[in-house]
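To start, the structure itself, in structure tokens.
The values are calculated or read from the model by the stated rules, or taken from the named source; none is laboratory data. The structure presented is a predicted model; accordingly, all values stated were derived computationally and were not measured. Neighbour counts are summed over all protein chains in view; Cβ atoms, including those assigned to glycine, are modelled from backbone coordinates with ideal geometry.
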């Protein structure tokens, strides 16, 4: 990863307007190319242990830097991050299937894997599976805690057990989750290390059993 990625994103955060972006469009194009090349290699690496990903076009995994300001009072035109979701082509528009996510932002980069804010039907399906299959689910997530920490993050949880579930269930805390994903933060210096792609690949590989469990629930 080139250091220009964070230099550009940092300056964009300070100058988030169309005039500045237009004047620096050639820089953005180079940053985007650098990230696209990184993700293309990452896709190849992930396919070595998760062949369901297939031959994705790295360009199509990247999220647009342009913000949709139609329904918000915040009219800032650009995101201050660049992200890519590695997910099988048939699920690329779905929020109800687990994917491998890479997020690059000045001092706020991270990698994650899971399902973010699924719709109510998928959410209920996940909760039933966690409750019914809790021993296996808990064993998988506990093994991942040394690398990712707990998935029980307060900001992603309901205050109470959802209706229809036993508050005394051993899975009770996990049933409060609104999103189910693993997360690991990286500093700029860590992202810029020569072996960062190997680090990300290794983390995604460790996630694979959890990805399979989530996918089996969603495909059932």
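Quick notes on this structure:
- Comparison of 110, 49 shows that the only residue that is touching a strand residue (DSSP E or B) at 6+ places or on another chain (Cβ under 9 Å) and not in a helix (DSSP H, G or I) is 110.
- Test for residue 16: is it out of contact with any helix residue (DSSP H, G or I) (no Cβ under 9 Å at 6 or more places or on another chain), in contact (Cβ under 8 Å) with a residue 40 or more places away in the chain and surrounded by 11 or more Cβ atoms within 10 Å (Cβ to Cβ): yes
Every residue, every condition in (1) closer than 25 Å to residue 25 by Cα; (2) in contact (Cβ under 8 Å) with a residue 40 or more places away in the chain; (3) over 11 Å from the mean Cα position of the chain (by Cα), yes or no:
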site: 59; (1), (2), (3): yes, no, yes
site: 62; (1), (2), (3): yes, no, yes
site: 71; (1), (2), (3): no, no, yes
site: 77; (1), (2), (3): yes, yes, yes
site: 83; (1), (2), (3): yes, no, no
site: 98; (1), (2), (3): no, yes, no
site: 108; (1), (2), (3): yes, yes, yes
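- Verdict on residue 4 being in contact (Cβ under 8 Å) with a residue 12 or more places away in the chain and surrounded by fewer than 16 Cβ atoms within 10 Å (Cβ to Cβ): yes
- Of the residues 197, 130, 140, 136, the single one that is loosely packed, with under 14 Cβ neighbours inside 10 Å, modelled with pLDDT of 95 or more and part of a helix (DSSP H, G or I) is 136.
- Verdict on residue 165 being surrounded by 13 or more Cβ atoms within 10 Å (Cβ to Cβ), more than 16 Å from the chain's Cα centre (by Cα) and touching a residue at least 12 places away in the same chain (Cβ under 8 Å): yes
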